[in-house]
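Notes follow once the structure below has been shown.
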Amino acid sequence: MLVDFDWQDADLVPDLLKQPGVSVRLVAGLSMDDAGMRLAELCGLPRTTDLTDLTRAIYDLALLSERSPRRPQGDELLRALGTPCLTPQSFAWGQPVAALV
C-alpha cells in the first residue's frame, strides 16, 4: 500500500510497479488531487482518502511518505495493524522489511 505520496515520492511508482513480486493494492492520499492519487488513477490502482480504509485488508507492507502531514497518525495505525511501514526511499534503497517486524 502507498500512503500520502507527493510528487517526489510519485516518481518511484513506475519503478515499484515493474518490480517482480510487488503488487500495489491500495493508494491513500489527502485528496484526489494529490500526486500519488493522480498517478494511481492513471495506473488504474484503487484509491482512498480515508485512512480507516487501510484497516479493510491485510497488507504485507506500507510505504508512507516521510513528508506526509498524517505520518504520525498513519504510522500508529499501521503498527497497530501489524503492517510494517517504510518510507518510499527506504524501500527503493533496499532496506530489509524483516528488520521492521
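Scanning the range 31-40 for residues that are of a type outside the set (Gly, Ala, Ser) and loosely packed, with under 15 Cβ neighbours inside 10 Å turns up Met32, Asp33. With respect to the conditions (1) surrounded by fewer than 19 Cβ atoms within 10 Å (Cβ to Cβ); (2) modelled with pLDDT of 90 or more; (3) in a loop (DSSP other than H, G, I, E, B), Ala80 lacks only one, and its number is (3).
The residues of the range 16-39 that are out of contact with any helix residue (DSSP H, G or I) (no Cβ under 7 Å at 6 or more places or on another chain) and at pLDDT below 90, listed by number, are Leu16, Lys18, Gln19, Pro20, Gly21, Ser23. The one condition from (1) over 14 Å from the mean Cα position of the chain (by Cα); (2) part of a loop (DSSP other than H, G, I, E, B) that Phe5 does not meet is (1). Can you find a residue that is farther than 23 Å from Trp93 by Cα and either of a type in the set (Val, Ile, Thr) or not in a loop (DSSP other than H, G, I, E, B) (or both) anywhere in the range 63-71? The answer is no, given that none of the residues of the range 63-71 is farther than 23 Å from Trp93 by Cα and either of a type in the set (Val, Ile, Thr) or not in a loop (DSSP other than H, G, I, E, B) (or both).
So, in the range 8-59, how many residues would count as being over 15 Å from Ala92 (Cβ atoms), more than 12 Å from the chain's Cα centre (by Cα) and assigned to a helix (DSSP H, G or I)? Total satisfying the criteria: 10.
The values are calculated or read from the model by the stated rules, or taken from the named source; none is laboratory data. Fair warning: this is a prediction, and the values are worked out from it, not measured in the lab. Ideal geometry is used to build each Cβ from the backbone, glycine not excepted, and the neighbour counts take in all protein chains shown.
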